[in-house]
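> Pasting in a structure now, in structure tokens, and then I'll have a few things to ask.
Please treat every number below as a calculation from the coordinates, not as lab data. Everything quoted here is computed from the prediction, not taken from an experiment. Cβ sites come from the backbone with ideal geometry, for glycine too, and all protein chains shown count toward neighbours.
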Amino acid sequence: MTKHDNPANLSRRAVLMGAGALVVSVGAPVGIELLTGISEAYAQGAKPPLTPDQLSSYIAVNADGTVSAFFGKMDMGHGLFVAIGQIVAEELDVPFKAVKVYMGDTATSVNQGGASGSTGIQFGGKQMRMAAAEARRVLLEMAAQKLGSPTDQLIVVNGQMSAAFNRDKKTSYAELIGGQYFNVQLDWNKQMGNALYAPGKAQPKKHTEHKIVGQPIKREDVAPKVFAQEDFVVDIKVPGMVHGRVIRPAIAGAVPVKIDESSVKDIPGVQVVHQNGFLGVVAPKEWDAIKAMQQLKVEWSKVEPPFPNQNALYDHIRKAPVRKSATEGKTAGNVDEAFKTAARVIEAEYEWPFQSHACMGPACAVVAINGDKVDCWSGTQKSHFVQTGLAAQLGVPLNNVHVRWINGPGSYGRNDADDCAADCAVLAKAVGKPVRLQYMRDQGTGWDPKGPASTHVARAALDAQGNVIAYEFKSKAFSRVDVDTNGSKLFDTLAGQTLGVDLKSGDGFGVPAESYEFANKKTSWETIPPLLDRSSPLRTSHLRDPVGPQIHFASESFMDEVASATNTDPIDFRLKYVKDPRDQALIKGAAEKFGWDKRPSPKKGQTGSKVTGRGIAYSQRNGTRVAVIAEVEVDRESGKIFAKRFTVAHDCGQIINPDGLEKCIEGNIVQGISRTLWEEVKFDNKNVTSVDWMTYPILDITETPEKIDFVLINHPELPPTGAGEPSIRPIAAAIANAVFDATGVRLRRVPFSPDKVKQAFA
């Protein structure tokens, strides 16, 4: 099974034709007579609409008996396509290798929300399971008519159907419908995106019947990617294509006021595109486009530097006016009154910087416009939303825009891919030719939407016996959605902002997600205005687990601080206040696997330069529970922290593929370590200065953990919840708590770079 065929030449019709079979329509109710009048059926119009209420929008049986699954989300490197293939194969009773998953193409799939929020299996997989179950029901009814046997007396094995009491009476999916459309109506809830749900009449299998779901099936795309045998968006070429580059100002917020096009007249075929604040160049050869970008003389508008001194960032957040506030989470009791009666109050503040996606490479897109028809190839995580955005931007009907998701150089949130597609469309429309636009390295890291900087204040009220009688947590931060999580609206893209559309900045943050049962509890957040409201390199949006790492760095560090203040073992402290059996089993499972020795932190009696410690952090995310124990080594002389060992207990309901789950957790741990120890967007008062690997360092391969142990808690009786992001959430806190255990020093500002660690020891 592979993710896609040649991405430039895929259609649902071509997929269904399989080995050259005629594509015809099969309507509901299904009848044997349709199978005997193929030419008539085809003459009546074969193809049903690509709509959420059509079974053929999700599942097709090809002429050779293989199955095509059309999935409206996409795989961003975490192996989701394998799990979806397992789900479909399970419900249809076909071999796993008989299923091919087609993803993220607006011409072959409906809008299931794209890749975001760990919703691939939780929501997308749920829909694909129901569609495959319905396809099996329809095929059983067709077989029953053909074989003259009731459906409950039919046996299905590997797409072959036979009568239970007469195995000579048999047929196959290929014989029944191979190369034909189902054309069966589903009960769609009239929602799009993650909320889309369109079941049929069938019920999916019980978990006790599963044979493929739950198996550790390996993915087969790693070697082709490593050896450059798979298409990436940078590889896309279309006839007549030219190359583009955009030009950003040296001072954020400035716009071009005078352009000397004669400064690039020596470059063959170059065209300058200038519209309002948008500026770019196009040339037949890519290197010529780069030269033109560098060589073009531009006079920019005079603007005041928009950013504060970076050293004053957190003071700026604390002093900034509140734009929106909200109380969320599991509130209880009267916090203010409880604090008045407290025998002791513990309070701490934590800080988290702006962070970049820092993708392996900058974004790339190809856009071709022919009249009111638009084709786009992009590494976006949300192709249907890019389709919506380009349709509005170019003023063409939605169905006239075809967006194909192709493997890109990075992911995990709102990176620079959607901006690149919109910028590319501006260039393509201006020059009347297909344009390939690839950002430069400094543009990708410098101008991608950032994870928001934030401050967090936590306090706890204790009674005379050291019991927590009240807990309050409040974040103050830049919005997680200064620009939205996708490029469906022009004002959320750099193209729109430079073209001068009216801005509609969003507001939102979040609170800790856990099950601590304190008698009095309040969790809330406040957002502040952006530093620059137009075309800013410090725009904020979603970065993997949008605000989960920063919130839980603070909340779970604070839980350890309270445990230490009450001379309590950190795990015993959590088990005292976490009552949910699933959460308790999770925490206990992590402790047992790690070999946790009960004692308060910090660890006593360590001498020498290098010391070790362990720390735990726990959190939830949309039904998924994660407990992480980190073991670290701290060099007190150099300030270097080595996160050497992790134990992760993970409960996401039903596990579809344990191998894929482990790999996903490993990715979360590595990225979480990097964001904890190294990653911080640097800026001066004019612009972002973290623009490459030297100025925005990430984790080195030598700094990855020596060992990762897993406790995968499977609940096959429960629906699966997400696994793409939850395990990054507690990483920073687990490391911080381990550092405190090793050294007795509490780090409250990320990243824990060597210089900052040495300063903390001073």
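> Just to confirm a number: summing +1 for Lys and Arg and -1 for Asp and Glu over residues other than residue 317 whose beta-carbon lies under 13 angstrom from that of residue 317, what do you get?
Residues near residue 317 contribute +2 overall.
> For region 216-280, state the semi-axes of the equivalent ellipsoid (square roots of 5 times the eigenvalues of the alpha-carbon gyration tensor), sorted largest first and rounded to whole angstrom.
39, 18, 9
> Also: How would 484, 709 line up from fewest to most surrounding beta-carbon atoms within 10 angstrom?
Fewest-to-most Cβ neighbours within 10 Å comes out as 709, 484.
> Cα centroid distance between region 377-424 and region 479-556, in Å?
With region 377-424 and region 479-556 each reduced to a Cα centre, they are spaced 21 Å.
> Given 153, 374, 646, which one lies farthest toward the positive end of the charge dipole of the chain, if we put +1 on the Cβ of every Lys and Arg and -1 on the Cβ of every Asp and Glu?
The residue sitting most towards the positive pole is 646.
> Another question about this same structure. Could you tell me how far the Cα centroid of region 230-279 sits from the Cα centroid of region 713-734, in Å?
Computed from Cα coordinates, the inter-centre distance equals 43 Å.
> State the Cα centre-to-centre distance between region 126-191 and region 425-464 in whole Å.
47 Å
> What is the antiparallel percent of DSSP beta bridges lying wholly in the chain, to the nearest 5?
Roughly 75 percent of the DSSP beta bridges within the chain come out antiparallel.
> With Rg and Dmax of the Cα atoms in Å as the read-out, I listed [x] 38.5, 132; [y] 27.9, 86; [z] 27.9, 96; which label goes with the value calculated from this structure?
[y]
> Also, I was wondering about something else. Hey, which of these cross-link pairs are over 20 Å Cα-Cα: 237/285; 190/504; 598/758; 429/450; 450/682; 450/504?
In this structure, 190/504; 598/758; 429/450 lie more than 20 Å apart at Cα.
> Is region 154-226 best put as rounded, prolate or oblate by its Cα gyration tensor, with a ≥ b ≥ c the root eigenvalues, rounded for a/c under 1.5, and otherwise prolate when a/b is larger than b/c, oblate when not?
Cα axes put region 154-226 in the oblate bin.
> Among 610/756; 522/588; 382/489, which pairs are too far apart, with a Cα-Cα distance over 20 Å?
The answer is 522/588.
> Explain nothing, just the number: relative contact order of the chain, from Cα pairs under 8 Å at least 6 residues apart, as a whole percent.
Rounded, it is 13 percent for the chain.
> Students often forget the sequence filter, so: which aspartates and glutamates lie under 17 Å Cα-Cα from residue 225 once same-chain residues fewer than 8 apart are removed?
Straight-line reach from residue 225, under 17 Å: 5, 75, 235.
> Tell me, in nm to one decimal, what length is gained between residue 576 and residue 218 on full extension, where the rule is 0.36 nm per residue of separation less the Cα-Cα distance?
Roughly 124.9 nm would be gained on extension.
> Let me ask another. Once fully extended, how much extra length lies between residue 226 and residue 266, figured as 0.36 nm per residue of separation less the alpha-carbon to alpha-carbon distance?
Extending this stretch completely gives an extra 10.5 nm.
> Could you please report the charge total around residue 429, scoring K, R as +1 and D, E as -1 over all other residues with beta-carbon less than 15 angstrom from its beta-carbon?
Neighbour charge sum, excluding residue 429 itself: 0.
> On to the next question. Looking at 528, 96, 683, which one has the Cα that reaches farthest to the positive end of the dipole of the chain (charges on Cβ: Lys, Arg +1; Asp, Glu -1)?
Looking along the dipole axis, the top candidate is 528.
> So, one more: Under a Cβ-only charge scheme (Lys and Arg +1, Asp and Glu -1), can you give me the dipole magnitude of region 134-200 about the Cα centre, in debye to the nearest 20?
I would put it at about 80 debye.
> So, counting K/R as plus one and D/E as minus one, what does the shell of residues with Cβ under 9 Å around residue 381 add up to?
+2
> Most exposed first by the Cβ proxy, i.e. fewest other Cβ within 10 Å, how do 455, 689 rank?
Exposure proxy ranking, most exposed first: 689, 455.
> Can I ask one more? For Cα pairs less than 8 Å apart in space and 6+ apart in sequence, what is the mean separation divided by the residue count of region 241-386, i.e. the relative contact order in percent?
19 percent
> Quick one: order 592, 304, 631, 91 by neighbouring beta-carbon count within 10 Å, fewest to most.
Ordered by Cβ neighbours within 10 Å, fewest first: 304, 592, 631, 91.
> Suppose R0 equals 30 Å; then what is the FRET efficiency for residue 332 and residue 745 from their Cβ-Cβ distance, rounded to the nearest 0.05?
0.35
> Hey, another quick one. Return the lysines within reach of residue 521: Cα separation strictly under 22 angstrom, same-chain partners fewer than 8 residues apart disregarded; answer none if there are no such residues.
324, 330, 340, 474, 476, 576, 579
> Could I ask something else about it? Hey, with R₀ at 25 Å, roughly what FRET efficiency would residue 392 and residue 704 work out to, going by the Cβ-Cβ distance, to 0.05?
So the FRET efficiency works out to roughly 0.05.
> Right, something else. Hey, what did region 559-656 get for relative contact order, percent, Cα under 8 Å, at least 6 apart?
This gives 24 percent for region 559-656.
> Out of 623, 697, 512, whose Cα points farthest toward the positive end of the dipole of the chain (charges: +1 Lys, Arg; -1 Asp, Glu; placed on Cβ)?
512
> On to the next question. Charges at C-beta only: +1 for Lys and Arg, -1 for Asp and Glu. How large is the resulting dipole of the chain about its Cα centre, in Debye rounded to 20?
Approximately 380 debye in magnitude.
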